[in-house]
Amino acid sequence: MKKIFTNFIGIDDTTITKNNIYTEDGVIVGAYKEDEDTEIIDCQGLFLMPAFTDLHTHFRDPGFTYKEDLETGSYAALKGGYTAVNLMANTDPVVSSKEVYEDIMARGRDLDLIDIHQVYAITKDFDGKSLEHLDDLPQGVNFISDDGHGVDDDTTMYEAMVKAKDLGVNMTLHEEVRGLSAINYELAEDLMTIRDCYLSYKLACPIHFSHVSTKGSIGAISYFKDLGAPITCEVTPHHISLSERDDLRVNPPIRENKDKYALIGAIKNGYVDAIATDHAPHTDEEKVQGKPGFLGLETAFSTSYMTLVQSGEISLNKLVALMSTNPSGILGIKKGKLEEGYLADFVLVDLDREYTYTRDEIRSKSKNSLLIDKTLKGSIEKVYRRGELKYENN
Ligand code: DOR
């Protein structure tokens, strides 16, 4: 199927273009002469960007589908401009067996809404020590993680990195020394981050840091990146837009101003690779009981745009790099650039449009958003995956 996208301002990580984009069978191709089978898609002067990729998502499926499932999560992703997500393994059962992994992947493919990538557990059932299940890793796994928990034991982490490197899989690491969180939450993140930076550097093992939230952690990551360690990292929209709040339960917690400004500084200096949502659906009752986390997929673009671009901290190109080009590259998806050979996954955005995000319009099954009834800017109008329209505002 041939389609020509026309009448837009195209933005990827490096370019700004008004040239038409030619696609064939869901991929960007070089210019061709249109014929009667070619569909012309008028983008009404909106901004066209490569659709986003989220490296850190919880869809709660299987086990907790009363808060989200693959389908409701996928619709939430599309509403936020995402066509690919990387699902964490803290489901019930934990994703540490072939059967659970393959079931999720098959159901995601059948839905055919977005690209579902499923993370596999580092330790079997998150027991913090068993690694044997990694010897029989299902085909297609590209990330392992015990997200929700840190891997406390040093030797286990050392052995896990050796295995991950051998297997050619990446790790996405939740850094938190469990025993320290209640005593000094900042130290709990910093200490494990420093350990894993050093291990990655010594073993030349690629690792990715999840939801980095402290000045100490981003400082260590920057230092070891400069030394040449094969490290990437993500920050969340909430950690760069909020600070000095202890009434919001999320893990890692909302930190201090010094941390928020260190993260934004690191984004500007090129040490942060991706913005990831940590989309964490919970019911209203669970939130009252103190479950950590918020929804993120539907509002990540607006939050990041307002915090980073409108404020003049970074360019729109750089935001596309953080939300599409880099995370797609880290996940191994050919997406994130408006160039020949890349997937025709696009998001059309009205950057000037302000909207009020209401509880009624939330596409997630859960409603634990911090942004209900807030006025946001930068509205996702349409989302195309492989050239097919998958979401339209209203
Ligand atoms: O706030 C959080 N919620 N942090 C995590 O690491 C896990 C997540 C969840 O699964 O709810």
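Just so you know, all these numbers are worked out from the coordinates, no wet-lab data involved. Just so we're clear, the structure is a prediction, and the values are computed from it rather than from any experiment. Glycine also receives a Cβ, built like all others from the backbone with ideal geometry; neighbour counts cover every protein chain displayed.
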Span from the region 1-46 Cα centroid across to the region 349-394 one, whole angstrom
23 Å
Full-extension gain between Asn20 and Ala106, please, as 0.36 nm times their residue separation minus the C-alpha to C-alpha distance.
27.5 nm
Taking the Cα atoms only, what angle lies between the long axis of helix 257-268 and the longest principal axis of the chain, rounded to 10 degrees?
50 degrees
Length gain on complete extension for the stretch Lys367 to Lys334, per 0.36 nm per residue less the alpha carbon to alpha carbon distance?
8.6 nm
Loop sites in region 37-113: chymotrypsin sites (Phe, Trp or Tyr not before Pro), DSSP, at most 11 other Cβ within 10 Å
none
Mind sorting Val212, Val177, Val349 by how few other Cβ atoms lie within 10 Å of their own Cβ, fewest first?
Val177, Val349, Val212
So who's got an amide H within less than 5 Å of the one on Asp69, skipping anything under 5 residues away but keeping other chains? H placed 1.01 Å off N, in plane.
Lys365
Taking R0 as 41 Å and r as the Cβ-Cβ distance between Lys129 and Lys268, the FRET efficiency 1/(1 + (r/R0)^6), rounded to the nearest 0.05, comes to 0.55
Among the lysines, which fall within straight-line cross-link reach of Lys258, defined as a Cα-Cα distance under 19 Å, with same-chain neighbours fewer than 8 residues apart omitted?
Lys215, Lys268
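Provide the packing ranking of 204-211, 277-284, i.e. peptides ordered by the mean count of other C-beta atoms within 10 Å per residue, highest first. All intermediate terms of the calculation are to be shown ahead of the outcome.
On the way: 204-211: 22.1, 277-284: 24.6.
Ranking, from highest mean packing down: 277-284, 204-211.
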So what's the gap between the Cα centers of region 298-336 and region 191-245, to the nearest angstrom?
18 Å
Any idea how far apart Arg353 and Val162 come out in nm if each label point goes 7 Å out from Cα toward Cβ?
5.5 nm
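Just tell me the longest site-free run in the chain, where the sites are trypsin sites (Lys or Arg not before Pro) in a DSSP loop having at most 14 other beta-carbon atoms within 10 Å. It would help to have the intermediate numbers written out before the result.
On the way: sites that count: Lys18, Lys33, Lys129, Arg245, Lys334.
It works out to 130-244.
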Quick one: what are the phi-derived ³J(HN,Hα) couplings along region 294-303, Karplus 6.51/-1.76/1.60 with θ = phi - 60°, whole Hz, x for glycine and proline?
9, 5, x, 4, 6, 10, 4, 5, 4, 4
Under a Cβ-only charge scheme (Lys and Arg +1, Asp and Glu -1), can you give me the dipole magnitude of the chain about the Cα centre, in debye to the nearest 20?
840 debye
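Set the Förster distance to 45 Å, then compute FRET efficiency between Lys33 and Asp154 from the Cβ-Cβ distance, nearest 0.05. All intermediate terms of the calculation are to be shown ahead of the outcome.
On the way: r = 62 Å, r/R0 = 1.38.
Working from the Cβ atoms, E equals 0.15.
Using unit Cβ charges (K, R positive; D, E negative) and no other charged atoms, how large, in debye to the nearest 20, is the dipole of region 175-272 about its Cα centre? Provide the component values of the computation, followed by the final result.
Details: 11 positive and 13 negative charges, 41 e Å.
Once rounded to the nearest 20, the dipole reads 200 debye.
Stick to the Cα atoms of the chain, pair each with every other, and give me the Kirkwood hydrodynamic radius in Å at one decimal. Before the final figure, lay out each step's value.
On the way: mean 1/r = 0.0473 Å⁻¹.
After inverting the pairwise mean of 1/r, the radius is 21.1 Å.
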